[in-house]
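Working notes for the structure below.
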Amino acid sequence: MKKIRRSRRDYLTETSDNPTLRTVYRIRHYVGWLLAAVSVLFVALNLQLFTPTSLKNIRASLQAASLVSAGDTTVISYPSGPNKCILPFGNGLAICSDHSLNFELPSNYSQMEMNLTYANPVMRASNQYLLVFDRNAYRFTVTNTLSELYSQTMTSPIINADIAADGSVAIVTDEAGYKSAVTVYNIDNEQLYKWSSPDYYIMSAVLSADGQRLALFCFKQDGLTLTSRLFFTDINSTESPENGVDMNSNLVLGMKFLGNNTVCAVCDNATYVISRSGQIRYQTEYASDDLIAFDLSDECIALATEAYSQNSRAEIILINARGMASRNPLSLPEEPDSISYCDGRLAVLTGDCVTFYSKSLREIDRQTNLAGVSRVYMRSGGTAIALFNSQARVLTIGNPLKDLNSDED
């Protein structure tokens, strides 16, 4: 009877003399079909979220969330066996061994575990996506925090790679018949760009945050003469990169886009901030032995070098995308073991102590007695991850986010 009454009600509404009722009926009818279409489209575009593995991970995540106790949320345990590389990703750590890739969260919970037999794994991460490639071999894999999105086998050995915030990846290969090549794929594993270089070896390729621009640090050698250049190109370009910036025979150690239009390149003897137009916005030189550590974030670079004053063994400066450096360097009485910058906070590890600084390099917190700590990673939200031999600890800054935006460069 309910079905009959409902059908009669719809009929009366549709044929009502009241135009308002007829309009409401039509709107409800169209909205219903629209919601159905959107649901089908969502499922079609996100099939990887509905695989048995993804559903299992989601169910396990919900179960773990209900079991977390307040006392163990600062500890992230590593899986047994040798760990090849560890990298902060999402709310935890991505850990790649010689046989598997794990995503570990606090409270001894493993959110993802997949078989991955890479001999020399290297990881790169954006906010939502993780790239793992086997250096000097042929395979790479892209995942999120729940499951693998895709894997691919290249036809030439992989030298280096990068991943953008939108999930696009740039893969540098030792291309047969060329010096090297770079290929860009989007998150759907569709090839967007490729350049095979007959003249230059590509040391590093980095993508802008939006995945639309590519910076290439290249070098070539003619006899005893080494030439290095930085090229910029758009992903939708069909032309070979030209008119690169002369990098004074330096070799790159690390490179990253600061935003979408400026690149920072840390080299063996100098650090540069260069715009897409080729303008050098910042340049500082040093002896190769004087470079202690650096950390490249989305907004700036933290650079630690030797200092030769009576009271200082090291200096740290922050350099932003405009090429502006800290007014007064941070002077340290000993060399840092690790530095990391994120969202207006700098973490500096010396011995068993992690000291936190604001953007203006003013000390805001210090945590001591961290025996066995080997490295520190700063994260957004006023926390850091300290790595130990068999576990990591989440460190929370006292008064987190206080004066986060109050300091000026």
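The values are calculated or read from the model by the stated rules, or taken from the named source; none is laboratory data. Predicted, not measured: the structure shown is a model, and the values here were computed from it. Cβ placement follows ideal geometry from the backbone for every residue including glycine, while neighbour counts extend to all protein chains displayed. All accessible areas refer to the heavy atoms of the entire protein, side chains included, with ligands and DNA or RNA removed. Shrake-Rupley method; radii C 1.70, N 1.55, O 1.52, S 1.80 Å.
Structure above, values below:
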quantity	calculated
Ile171 vs. criteria within 27 Å of Thr238 (Cβ to Cβ), open to solvent by 40 Å² or more (accessible area, probe 1.4 Å), free of Cβ contacts under 8 Å to residues at least 60 places away in the same chain and not in a loop (DSSP other than H, G, I, E, B)	no
Cross-chain or 6+ apart pairs with Cβ under 7 Å, the range 312-341 first and of a type in the set (Lys, Arg), then in a loop (DSSP other than H, G, I, E, B)	Arg313/Pro333; Arg313/Glu334; Arg313/Glu335
Residue that is surrounded by the fewest Cβ atoms within 10 Å (Cβ to Cβ) [pool: residues in the range 121-143 that are part of a loop (DSSP other than H, G, I, E, B) and at pLDDT 95 or above]	Asn136
All strands (runs of 3 or more DSSP E) inside the range 261-364 with 1 or more residues being over 28 Å from Ala205 (Cβ atoms) and touching a Lys or Arg at 6+ places or on another chain (Cβ under 9 Å)	300-309, 330-332, 345-350, 353-357
Matching residues in the range 208-230 - criterion: being within 16 Å of the chain's Cα centre (by Cα), among the aliphatic types (A, V, I, L, M) and over 18 Å from Tyr272 (Cβ atoms)	Ala209
Among residues of the range 312-330, those that are more than 28 Å from the chain's Cα centre (by Cα) and closer than 21 Å to Asp289 by Cβ, counted	2
Residues of the range 230-265 satisfying the condition of being farther than 24 Å from Met123 by Cβ and surrounded by fewer than 19 Cβ atoms within 10 Å (Cβ to Cβ)	Asp234, Asn236, Ser237, Thr238, Glu239, Ser240, Glu242, Asn243, Asp246, Asn248, Ser249, Asn261
Options Lys220, Lys179, Lys194; residue that is in contact (Cβ under 8 Å) with a residue 12 or more places away in the chain, in contact with a Leu (Cβ under 9 Å, 6 or more places away or on another chain), over 29 Å from Ile95 (Cα atoms) and open to solvent by 40 Å² or more (accessible area, probe 1.4 Å)	Lys220
Counted residues, the range 197-209 - those being part of a strand (DSSP E or B) and surrounded by fewer than 23 Cβ atoms within 10 Å (Cβ to Cβ)	3
Ser151 being in contact (Cβ under 8 Å) with a residue 60 or more places away in the chain and touching a strand residue (DSSP E or B) at 6+ places or on another chain (Cβ under 7 Å)	no
